[in-house]
Amino acid sequence: MEPSFIQSAMALGLPSKKASSRNIAVERKNLLTICRFSVKTLLEKYTAEPIDDSSEEFVNFAAILEHILSHRFKGHVSWFSTDGQRGFWDYIRIACSKVPNNCISSIENMENISTARAKGRAWIRLALMEKRLSEYIVTALRDTRTTRRFYDDGAILLREESSVLTGMLIGLSAIDFSFCLKGEGIDGKTPAVIDYTPYLKFTQSYDYLSEEEDRESVGGSSSEDSSPEHPYLPLLTDEETWYSKWRKMEQKFRIVYAQKGYLEELVRLRESQLKNLEAENKRLTQRIQEQGEQSLQEKHQLEGVILELQEQLHSYLSTEHLSAELSLSSESQRAEGKQDGEPWGPIGKDPTPSMLGLCGSLASIPSCKSLPSLKSNECLVSNNSSETSPAGSPS
């Protein structure tokens, strides 16, 4: 019973795991597709006036991007968040801190924004106004360790689709945005809701007709008696036909113009990246040269120190050898002097005057007196001896 139960459980668990992975893949695909539609709509809508929070296209794009950044995000509660909720702002705050001249600190210091969700929405708007949204996300994706710490497996930011996302966001740098960071659009209490209706409108297309059939239908529509060649082709007047043609050409022109702006912005970004890489390469090359020169200089210094230490060691060994020879010769001389009965001291040299005083002081006490006193004492001794000698002579 037990093996069959385990097999049945494994058989039930395997399809559920496949189904969950399929659902995650479908979520990624749908979010990226709808994001592509949203970016295209923004590029088509933009003219010369900047886009603000009142634009429905932008509101929908902000909701889509928020869903993408929150896809497969780990956990919902965080002890270091103000509102207790953990959002993608916690990831952006850490991963984008290496972006030069970033806006992270300015968003953190905003008084009217306290929740993590509101800070994330303010960051999206401020990055769009700076035209650096793609740069922020590219820098965050480079920090794979932080990304894996905040997202589960299967998230968009952990897949190859993230490069597609950054490529789509580059085109937004051609649009001028203007937002009020104190408005209701960045309220962190309301959830982000995606509106799919603008992308689900059905428009009848006649692409199945060839160009020759299209010309014949346009030319034959002027006569009232003529009937359409295709049963599903409606009757159109010349004015409506040319108006529809004009609308199609205008739409194609807008698409081409948006693509042109996108490609120009992409080229500008690649040129700036190339310049930065060249400057970084030049800086690293210069640093390598400086390190080589410094290591060579240190090598010469070490060689000089080694030579100096060798000379000192050689001189020290020579002095030790000389002192040992001198000590051996002095000991041999002492031994020979004792055997011959000669006094101790150097051979062939007289004692120094300094040794005379020392010997005299050790021999007798009067030797330490001065020479005049010694002479006077000798005179007194001689007189006394002369006086006493006659008295003693009779005896």
What is the residue count in segment 43-62 for residues that are open to solvent by 60 Å² or more (accessible area, probe 1.4 Å) and in contact with a Phe, Trp or Tyr (Cβ under 7 Å, 6 or more places away or on another chain)?
-> 2
For segment 139-168, what are the residues that are open to solvent by 40 Å² or more (accessible area, probe 1.4 Å) and aliphatic (A, V, I, L, M)?
-> 158, 164
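The values are calculated or read from the model by the stated rules, or taken from the named source; none is laboratory data. Values in this document were obtained by computation on a predicted structure and should not be read as measured data. Methodologically, a virtual Cβ is constructed for each residue, glycine included, from the backbone with ideal geometry; neighbour enumeration extends over all protein chains shown. Accessible surface is based on the protein model in full, side chains and every heavy atom, while ligands, DNA and RNA are left aside. Shrake-Rupley method; radii C 1.70, N 1.55, O 1.52, S 1.80 Å.
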